[in-house]
Structures are given as structure tokens and as C-alpha cells.
1. Take residues that are at pLDDT below 90 and tell me which of the helices (runs of 4 or more DSSP H) falling wholly in segment B:87-171 contain 2 or more.
2. State which residue is nearest to A:PRO245 (Cα to Cα) when the search covers only segment A:181-226 and only residues that are among the polar types (S, T, N, Q) and modelled with pLDDT of 80 or more.
3. Residues that are of a type outside the set (A, V, I, L, M, F, W, C), under 24 Å from B:PRO135 (Cβ atoms), surrounded by fewer than 23 Cβ atoms within 10 Å (Cβ to Cβ) and within 9 Å of chain B (Cβ to nearest Cβ): does segment A:131-153 have at least one?
4. Could you grab me the full set of residues in segment B:111-137 that are more than 10 Å from every other protein chain (Cβ to nearest Cβ), closer than 22 Å to A:ASP90 by Cβ and of a type in the set (A, V, I, L, M)?
5. In segment A:252-274, what residues are within 21 Å of A:LEU306 (Cβ to Cβ), in a loop (DSSP other than H, G, I, E, B) and hydrophobic (A, V, I, L, M, F, W, C)?
6. Among the residues of segment A:109-130, count how many are within 14 Å of chain B (Cβ to nearest Cβ) and assigned to a helix (DSSP H, G or I).
7. Can you name the number of the only condition in (1) within 18 Å of A:VAL244 (Cβ to Cβ); (2) over 26 Å from the mean Cα position of the chain (by Cα) that A:PRO347 fails?
8. Would you check if A:VAL63 is in contact with a helix residue (DSSP H, G or I) (Cβ under 8 Å, 6 or more places away or on another chain), farther than 30 Å from A:GLY136 by Cβ and aliphatic (A, V, I, L, M)?
Amino acid sequence: MNAPAPALHIAVEKRLSERITIAADFQAGDGVTALFGRSGAGKTSLVEMIAGLLRPDRGRIAVQGRVLFDSQARIDLPAEARRVGYVFQDARLFPHLTVRRNLLYGRWAGRRRGALKLETVCRLLDLDPLLERRPGALSGGEVQRVAIGRALLADPAILLMDEPLASLDGPRKNEILPFLERLKEESGVPIVYVSHAMEEVIRLADQMVLLDGGRVAAVGPIEDVTTRLDLRPLTGRYEAGAVVPVRVEGHDEAYELTTLLITPEAKLQVPRLKLPVGAALRIRLRARDVTLSLTRPEGASTLNVLAGAVRELAPAEGPFVDVLVDAGAPIWSRVTRLSADRMGLAPGRAVYAVVKAGAIDRASLGRAG
Amino acid sequence: MGDWLTPVEWEALALSLKVASWSVAVSLPLALATAWALSRGRFPGRTLLNGVVHLPLILPPVVTGYLLLIAFGAQGPIGGVLQDVFGISVAFRWTGAVLAAAVMGFPLMVRAIRLSLDGVDRRMEAAARTLGAGPATVFATVTLPQLLPGMIAGAILSFAKGVGEFGATITFVANIPGETRTLSIAIYSFLQTPSGDAAAIRLTVIAVALSMAALVASELLARRASRRIKGFDA
């Protein structure tokens, strides 16, 4: 028996202008795949090609094994036949229709019949109070929720989300993120999530495709891509840090702390999290929240000390240097060059990484599939 | 009813309304197609088409009427075919008045529709396609509603033009009471008769009122439609 087809397999070329040519070849599995890169890296063009709104010069696109485009076989399904859900950055709700008619557009206009019910989607995205309103009377966050619901109800085989939070301010973003997390857990639809915001990517994505100048610079689990030194110029625009997969080991109710397990030897204690024991999640440890010590610190107020060894050093801006430490998982620490020299930090050197418990907040958490 | 107008005057008014209504009904689909070709089409001769559509706006109406007479007269190249194949006669018939009104109002209608077509949000159309709607459905459910204000405005402008059309109509289908004597032509005729002043004035008042009503209605309808489209009204 054949292995199940990947959620997405794309290998395309498209010349957009004199200077920009997109040439991307990658596969994405189930769950959430982040398309990450700076503006102009070709993220939106790529998802438009998957959706059938932009025609590649050559190549092949398949979703769940179904070929949508193949220049050699002369296959080019029109957008309406692709079953590719698209949540646009600017939502694009139909202004002359009520929210209900917008949500059900895929059914009455597109003749799509999916297993998902309107009630289910309304519960998932909390849309019930909005159903009879018109898009002009919705807030930015509500508009995006309706747009997500509309795409889901059109029975997509894959859901493309093109920076759905980019047009929202900070509080609105935080209003939507929990919905996206729920969507990921409950809908079962593979998602391609375009973003240039690392915070969102870490919270939502399982895999990451790093784009640079129209080309794929790296593909892989986001823990790997974010810790690769050679990709720092591309991933490092956000504040330097490492993404670490952990598991909830237990809660200490008296001290309101939760213990997270990186490996059986490497544990972190963080402020109490509302997650069940055994839950898998990803945390982001910012480099500036991790300090290094040659001896195990005693009598200090920090709870989290991880024994490890220096793997690599990478110059950072100004007087700093980022040190990649193997402490059960690779984590970054930002220290001054002066300290690094005084401590004699070099690959292989045994060190203790000290992590501030308060460094792990809600925003740096992502539920791992 | 109708004591304030003589039967002859009523006849002229009713005929004008009939001619203008038919002219709008016939030219609306054509104007939509033409506006579509001008706004979305990429074909050689687009500029030429644009020019031809606008000709009736610039040509002397008498010239337009005379050209219609040559083409659509009983012996004309198009008129002959219409007569032989479809049994439709337009020469010196009220149908000819409809044709003249439609031609004269056509540029107004095309312009109004094309303006709103240029303003249609094509990103909405792309969104509709990703939701499974084919080109025809996208047009009916997304594009057309956005075109509505422009179509209403264009239709009413063309209607008002049709009610008042004079030059092309009288040249093409002459002045036949009950058949082609529309409002404007009736006013002209009354002015030619010694005792026709009172009737001419009554019809003139009606013409002014009709035009004003059309203008106000087009304004109101277009405003309402555009509010609906922008999603503020239920």
C-alpha cells in the first residue's frame, strides 16, 4: 500500500517580474504549515498559485494527492474546482450579503457540501451573535472570523491563510489567536499559514517553510528551522530565541507552578498553565532570558537550571554574541562578547543555562499537535 | 380621469412612456455586454467600439436618425433582413421610435454601467471563485449586485432621454399620431398649429416634471443601492 499523499505537494516556477522569480518545491504534511519570509519573499504568490488565482509558468501542484495543476499533463483546474479554502489578508467578505449568507456562500453559490455544519463552525468561531449582521457593521476581528468560517464551510481539502492577522492591532490579534488554535485542533483540515510574524508561527505551526527571494531556504519542523544557525539572517528578524518542544509533567498548586519536561533530566518550572498533565506544547525561550554559568548556580532565585554544552557561537548585534547550548534541546542564550571570552565559551564547553521562570508567558506558548 | 389633458395629449404621453420603457428594456442587456467588453475586454478594436458607442452623443440627432433610416428602412440592409426574416418592421412604426430612443440613450447607459464596472472589486470575484462559484454564478451573485447602482442610474438616464428624444425619432420614423408622435414631437406639432399653445405648455410641464422625477429617482435609487452594497443597511 502506498503511503498517504502529503497534504500539499508543490513544485512550481513563476516569473513575476524582471527581478523576482518564484521557484519553490516542497511538501507539507497535515497540521499547520507556516510559510514564513519577509515581504516580497513570494508567500502570497505561492498561495495564489495553490488556489488557482495565479498561474505558474511550469510545475505541478497536488493537494491530498489530487493534481490541481500540472503543466506537463496540461492540467489547470479553475479556482472554483480546486476545493482550496482561502482566507485573505483583507477578508473580502461580500458586503451586500449578511454574515449568514456569506458563511453559506460556498453552499448556495458554490454547491459545496461538506461534513461541517453551520452550527459547528459558529460554535468554533463564536459567530452566532453576528449571523444577521452585515459585514459593514463588524469589527476587524469579527470580519476575519467570518472569513475563516466562510472558507471552512466551503468544504476545503486544504485551508490557505494569508496573514489573516496582519490587518489587526495587537488586542484584536490576541482575540483571534485562540480561535485559530481551536481551528487547528478541531477542524482536521491541513492549513498553510502565511506570516511574517514569528510569534504567530510558533503558536500555530507545526512545520515551517522558510522563503527567501522566491526560493525555499528551508523546510522542516519549526523547532529545527528556528534553531538553525545558517538561517538566522532569515528567521532572526524577530527577537532571537529557540523553540523547544516540552510536555507538561505536573502542577504545583501551592506555589502555582507547572513543571515542563524537555527531557527527563531537563525540566523547567513556569507559572501555572491551564493545561492537562501530559499535554505536548512548544515554548519559545528568548535568548535574552537565558543566561549562562560555568558552575551550577546555588542560592540564586532562579528555578530553572539546565546542564548542557555549547554547540555554536554566533555574533549578534553590538557587544553581544548568541550561544547555542545543547541542554536536552538546543536553546539560545545572548551574552556579551566580554562574558563569552572571560568564560572561555567554545563549542563543547560544559555550561549551565539559567532560564527565568517568568520568561515563559502565554504568548510564547504553542500547542503541539 | 384626465380632464386636464385632451385624448391626443394623453396619447402622446402614453406613447412616450411606452417607447422609453421598451428602449430601456431592449438596450440594458446590450449596454451591459458593451460595458463589459469595454471595461474587461482586451481585443483589437476596443477603441473603435468605444468611439462608435459614443457617436450618438456627438453626432447631430438628425444625422443619427438619417443613418437609422438608411440602415433600417424597409429597403435598408438591416431593415430588409428584419422584415424578411423576422417580420419586424421598424420604419414609421413605434418600434422604430424605440430603436431611435435606444440608440440615443445607449452611450449614457454604457457610460454609467462601465463606470461602476471599473469600480467593481475584483478581489471579491476571486474570493467567490475559491468558494466554488463558477464565472456565471460569480457574475450573478457578486458582480451584478455591485453594478446595480450604475445600471439603475444608466437606465433612468436613458429612460429620460427616450421620453424626450426628438431629432433622431422624427427623422427616422416621422410624425405619425398614435404611432410615432411622442411627447417632444407632440409639443413641436402643437407649436405649429395656431391654437396649440395651451396644449404645448401642458405637455412641457409634464416633460419637465418627468425629467425631474427621473433625476431624483435615479439619485435616490443609486444611493440606496450603494449603501446596501457597502453593507451598512439590512
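1. Working: elements: B:94-118, B:122-130, B:135-138, B:144-164.
Ranges flagged: B:94-118, B:144-164.
2. First, pick out the residues of segment A:181-226 that are among the polar types (S, T, N, Q): A:187, A:195, A:207, A:226.
If we keep only those that are modelled with pLDDT of 80 or more as well, we get A:187, A:195, A:207.
Values: A:SER187: 23, A:SER195: 21, A:GLN207: 13 Å.
Among residues in segment A:181-226 that are among the polar types (S, T, N, Q) and modelled with pLDDT of 80 or more, the one nearest to A:PRO245 (Cα to Cα) is A:GLN207.
3. So in segment A:131-153, the residues of a type outside the set (A, V, I, L, M, F, W, C) come out as A:132-136, A:139-142, A:144-145, A:149-150.
From the residues that got through so far, the ones that are under 24 Å from B:PRO135 (Cβ atoms) too are A:135, A:150.
Imposing the further condition that a residue be surrounded by fewer than 23 Cβ atoms within 10 Å (Cβ to Cβ) reduces the set to none.
Within segment A:131-153, not a single residue is of a type outside the set (A, V, I, L, M, F, W, C), under 24 Å from B:PRO135 (Cβ atoms), surrounded by fewer than 23 Cβ atoms within 10 Å (Cβ to Cβ) and within 9 Å of chain B (Cβ to nearest Cβ).
4. Start the filter on segment B:111-137 by keeping residues that are more than 10 Å from every other protein chain (Cβ to nearest Cβ), which leaves B:111-120, B:122, B:136.
Going one step further and asking which of them are closer than 22 Å to A:ASP90 by Cβ, we end up with B:116-120, B:122.
The answer is B:LEU117, B:VAL120.
5. Going residue by residue through segment A:252-274, those that are within 21 Å of A:LEU306 (Cβ to Cβ) are A:252, A:255, A:257-273.
Restricting the remaining residues to those that are in a loop (DSSP other than H, G, I, E, B) gives A:255, A:262-266, A:272-273.
Within segment A:252-274, A:ILE262, A:ALA266, A:LEU273 qualify.
6. Of segment A:109-130, the ones within 14 Å of chain B (Cβ to nearest Cβ) are A:109-114, A:116, A:121, A:130.
Narrowing further to those that are assigned to a helix (DSSP H, G or I): A:121, A:130.
The number of residues fulfilling the criteria is 2.
7. Unmet for A:PRO347, out of (1) within 18 Å of A:VAL244 (Cβ to Cβ); (2) over 26 Å from the mean Cα position of the chain (by Cα): (1).
8. On the way: in contact with a helix residue (DSSP H, G or I) (Cβ under 8 Å, 6 or more places away or on another chain): yes; farther than 30 Å from A:GLY136 by Cβ: yes; aliphatic (A, V, I, L, M): yes.
So A:VAL63 fits the description; yes.
The values are calculated or read from the model by the stated rules, or taken from the named source; none is laboratory data. In this text the structure is predicted, and so the values were computed from the model without any measurement. For neighbour counting, all protein chains shown are included, and Cβ atoms are generated from backbone atoms with ideal geometry for every residue, glycine included.
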